[in-house]
Amino acid sequence: MARSTIESLLAVLWLLFCVPLTTADCDVACNSAVNASCYVDYALSQTCLKGVEGTWKDQTLDVISQSLENFGFGALYHQTGPPYNLNVAVLDELANIKRTSYDTDFAFQEALQGVLTSLLDAHTRYKKPLCYTATFVLPVALSISISDMTKTNSGATRQEPTASFIKSNFYDDYVAIYPDLDLSTLLSQPVSLIDGVEWQTSIDAWGTSHETRSNNPGARFNAALRSFFYRSVTDTVVSDVEESLTFTMEDGTEVNLPWILKVPDATVFGNSTACLADTGDNSNDAVLSGHRHDFVHNDNAGESFVGNSALHDARATEDRTVVISPESSEADYQISCFVQKVVGNAFSGQAGVNNVLVMKVASFSPQVNGDDYLANWKGFLSSAEKCLSTDYEMIVVDVMQNGGGYVCLGLRLLEMLIPEYWEDHTKVQMVYDLPHSALMDEWIEKVNYPDPYTNPNDVEQILNPETQEPFVNGEAYYYPTREVVMGGVKSNRTQHFCLNCKEAEAMPMGFSPKKFVDPEKLVILTDGTCGSTCASFTRIAQEAEVATFVGTGGLWDQEMDVASFAGGFVMNPTLLLNMTSRMNAAPFPQFATKQSWQFGWAAWYSQRTPSRPVQFTEQEPDHRTPFWAFPHSSVPSSVTSEGVSALYDSVINDQITRIALDNTCTNSDAIWIALVATLGVIVLVLLTYIWFVRRGYGQQGEEEGQQEGVLLEDEVEQVESLKQPLVEAKS
């Protein structure tokens with residue numbers, strides 16, 4: 001019997017006889033009075049969370065610690081330097097957790113998640129096991145705006161954001177649970193404090209310690225604005241969630257809102273049995289299927305940022321023509337778009353913009369055709385082609401909350417939008433490398449495959465950037481070793497490589513761009529949480545200054561990045577198990593429980609600062625707009641659709657105005673230059689004329705003087721001739 005099979009059987013016996021599989025006193029009942037949803041009060045939530053019996057600490061830590069021996073940023077995190085100055089010795093922190101005894105599995109899970117959250121990297125992400133699936137929710141969310149734009153005595157313009165309550169999607173259920181709590185009078189009222197701290201400070205501080213979406217404070221604030229009121233137990237450290245939050249309104253009124261825990265499946269939550277991993281066949285063939293190395297981060301499953309069809313239908317006869325509706329099956333390929341006719345903007349003629357294509361790219365990870373990535377790529381790029389085949393003079397590409405996907409789709413879309421990239425695809429290629437590790441050393445020695453990933457059918461294979469051809473074998477990119485100092489720590493890394501996107505570059509078949517627009521007319525709209533492949537899409541264009549970037553929200557008085565978690569691509573324990581299987585080596589350890597874990601593997605380097613991984617650089621948008629109405633599964637889509645609709649209008653009008661004013665300035669400059677040049681010519685002519693005139697007078701005077709001199713000599717001679725007889729007579 002194979003060793004892996006024996007180990008699997010032993011694991012099953014251990015789980016059956018050594019781990020209690022039921023949780024005492026966690027009786028979750030679904031209340032039909034509140035839409036058949038399962039809600040748990042705070043006291044019972046703590047009983048259920050702390051009652052998950054049996055700890056899988058050692059096995060979990062073995063998987064994560066051994067995984068992180070291949071972490072692409074393990075050295076750099078000792079001191080990342082500016083702009084974020086993170087300092088996390090993650091393996092040392094995990095060793096401390098291993099030495100610590102915990103009363104419950106929940107306490108261990110919280111400690112582990114806290115360490116990994118401190119990396120502020122959505123690529124390196126741990127979710128607790130399945131039996132912790134639940135979310136702490138409140139009946140309200142915040143609406144943020146800047147309404148007071150008056151001038152102060154000094155001449156400055158007030159731009160301070162204010163926050164007020166709006167209903168969350170749990171408002172009605174919450175009121176049914178707490179009928180004596182009157183919340184209606186609080187809606188739309190300004191909020192001053194949360195638990196005695198200014199509202200913005202409170203959300204920012206919570207985001208810094210809990211939100212992994214970005215290492216940039218502004219982008220992280222945008223994500224925390226929603227997750228602050230919607231705290232997922234599997235995704236977030238929640239041991240610091242107290243029984244309630246106290247809000248102080250602007251008029252001094254205080255309201256205390258108890259947390260409730262929303263449970264999607266009462267048979268799973270708090271049930272240790274539900275946490276256990278399936279004990280299937282771990283053979284090589286079984287683990288090779290269905291594991292791609294692209295990455296998509298999506299906290300809002302089922303939510304389209306463009307909203308629903310009402311966003312377009314309400315204005316279909318006025319100024320918006322739908323090309324791909326977000327509710328159509330075509331939009332399942334993650335692209336929707338409409339063309340907006342510019343109405344009521346006095347500058348549109350001067351800017352040369354009458355029609356604007358608004359294209360929402362929800363993600364770069366279409367999954368319509370399952371694992372048939374070529375069919376998914378074809379659908380995505382065909383949607384892009386359909387949008388770009390319309391009539392327009394300006395494009396707005398909305399990538400807010402885009403969590404990434406296939407890198408080659410992001411690069412191909414850049415090529416379809418920007419002429420220099422369409423003509424030369426090598427200009428969008430990204431420079432990567434990988435860390436050396438004991439496992440990778442053995443992989444190269446025994447397998448020597450010319451791609452880091454184990455399955456030859458994996459997409460996005462690597463290329464030699466010098467030859468634009470695949471490496472001949474693994475040694476060709478792995479050696480010679482590059483010794484690099486990161487975070488003050490020496491580490492060995494591979495040679496640089498780029499991704500092979502030739503399959504994507506052949507799509508859509510026969511496509512040729514109808515037109516390209518100038519950089520000021522290609523607007524990329526981002527909230528800073530656009531990450532992974534979306535970070536590639538934004539940062540490449542931003543570094544090259546071939547598009548105009550408009551950032552939304554953030555901490556209004558601070559800088560904000562255009563993208564997040566731009567770390568390259570990821571690795572996980574299943575892919576590492578694939579490697580050990582191909583090497584016929586000891587199997588890479590796997591979790592005893594059902595949870596999600598991945599980590600950043602390859603590092604992608606900036607073109608502007610080639611020694612820095614892009615994830616640890618900051619690139620600001622060209623312009624900022626005060627918008628915080630971000631869609632989320634906790635907020636009614638009708639509210640966010642209305643907000644996004646108004647956002648598109650403001651972004652279009654603002655950019656048209658900027659273009660017109662720039663053209664005015666440019667035209668004015670041209671006029672002044674022409675006037676100065678004309679005056680210069682006139683002055684030159686005058687000076688030339690004066691010089692010639694003066695020179696002419698000088699020559700004439702000289703000639704007249706010479707003539708006068710001749711006459712005088714003649715006269716003198718005549719006088720002398722007259723004097724001579726007189727002299728002789730006198731003699």
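The values are calculated or read from the model by the stated rules, or taken from the named source; none is laboratory data. Small disclaimer: the values here were computed from a predicted structure and weren't measured. Glycine also receives a Cβ, built like all others from the backbone with ideal geometry; neighbour counts cover every protein chain displayed. With ligands, DNA and RNA removed, areas are computed over all heavy atoms of the protein, side chains included. Shrake-Rupley method; radii C 1.70, N 1.55, O 1.52, S 1.80 Å.
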Hey, any idea what % of region 57-120's accessible area is carbon plus sulfur with a 1.4 Å probe?
46 percent
Could you tell me what percent of the DSSP beta bridges with both partners in region 424-574 are antiparallel, to the nearest 5?
65 percent
Explain nothing, just the number: relative contact order of region 309-423, from Cα pairs under 8 Å at least 6 residues apart, as a whole percent.
25 percent
Using a 1.4 Å probe, how large is the accessible area of residue 440, given in Å² and rounded to the nearest 10?
0 Å²
In square angstrom, what is the accessible area per residue of region 343-489 with a 1.4 angstrom probe?
37 Å²
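I'd like the projected area of region 61-168, averaged over all directions, using the convex hull of its alpha carbons. Report it in nm² with one decimal.
Dividing the Cα hull surface by four gives the mean projection, 11.7 nm².
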With unit charges on the beta carbons (Lys and Arg positive, Asp and Glu negative) and the dipole taken about the Cα centre of region 485-579, which residue among 509, 548, 522 sits farthest to the positive side?
509
Modelled FRET efficiency - R0 56 Å, residue 101 with residue 145, Cβ distances, 0.05 increments:
0.70
May I ask you to give the solvent-accessible area per residue for region 72-214, in square angstrom, as obtained with a 1.4 angstrom probe?
43 Å²
Got a sec? Charge dipole of region 57-118, +1 on Cβ for Lys and Arg, -1 for Asp and Glu; which of 95, 70, 59 is way out at the positive end?
70
Amide H proximity to residue 38 below 5 Å, modelled H, separation 5+ or other chain, gives 263
Around residue 496: net Lys/Arg minus Asp/Glu count, Cβ-Cβ under 13 Å
0
Extension gain from residue 159 to residue 66, taking 0.36 nm per residue of separation minus the Cα-Cα distance
28.6 nm
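Roughly how many percent of the accessible protein surface of region 561-623 is carbon and sulfur, given a 1.4 Å probe and a whole-percent answer?
44 percent
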Kirkwood estimate for region 470-573, i.e. one over the average of 1/r between Cα atoms, Å
17.5 Å
Please tell me the relative contact order of region 34-99 in percent, rounded to the nearest whole number, where contacts are Cα pairs under 8 Å and at least six residues apart.
24 percent
Dipole magnitude of region 82-216, debye to nearest 20 (Cβ charges: Lys/Arg +1, Asp/Glu -1, about Cα centre):
440 debye
Spin-label point model (7 Å from Cα, Cβ direction): what's the residue 244 to residue 558 distance in nm?
3.1 nm
The simple spin-label model distance between residue 355 and residue 520, using points 7 Å out along Cα→Cβ, in nm, is 2.3 nm
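Please give the length that would be gained between residue 424 and residue 482 if that part of the chain were fully extended, namely 0.36 nm times their separation in residues minus their C-alpha to C-alpha distance (nm, one decimal).
18.0 nm
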What share of Cα pairs, in percent, lie more than 12 angstrom apart in region 168-218?
73 percent
Run down the lysines and flag those whose C-alpha is under 23 Å from the C-alpha of residue 128, throwing out any fewer than 8 positions away in its chain.
50, 57, 98, 262, 594
For a quick check: with amide H placed at 1.01 Å from N, whose amide H comes under 5 Å from residue 462's, ignoring anything fewer than 5 positions away on the same chain?
500
What does the charge dipole of region 618-667 about its Cα centre add up to, to the nearest 20 debye, if the Cβ of each Lys and Arg holds +1 and the Cβ of each Asp and Glu holds -1?
120 debye
For residue 110, the net charge from surrounding residues (Cβ-Cβ under 11 Å; K, R +1; D, E -1) works out to 0
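Add +1 for every Lys or Arg and -1 for every Asp or Glu among the other residues with Cβ under 13 Å from the Cβ of residue 473, and state the total.
Here the count lands on -3.
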Reachable lysines from residue 386, criterion Cα separation under 24 angstrom, eight or more residues apart if same chain:
341, 360, 378, 502, 514, 515, 521
Label-point gap, in nm, between residue 188 and residue 374 - each point 7 angstrom along Cα→Cβ
5.7 nm
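Sort largest first and round to whole Å: the equivalent ellipsoid semi-axes of region 130-194, each the square root of five times a Cα gyration tensor eigenvalue.
Semi-axes (√(5λ), whole Å): 34, 16, 8.
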How much area per residue is accessible in region 522-644 when the probe is 1.4 Å and only protein heavy atoms are counted (Å²)?
26 Å²
Using a 1.4 angstrom probe with every protein chain in place, what is the largest-first accessible-area order of 110, 393?
393, 110
Ranked highest first by average number of other Cβ atoms within 10 Å, how do 202-214, 489-501 line up?
202-214, 489-501
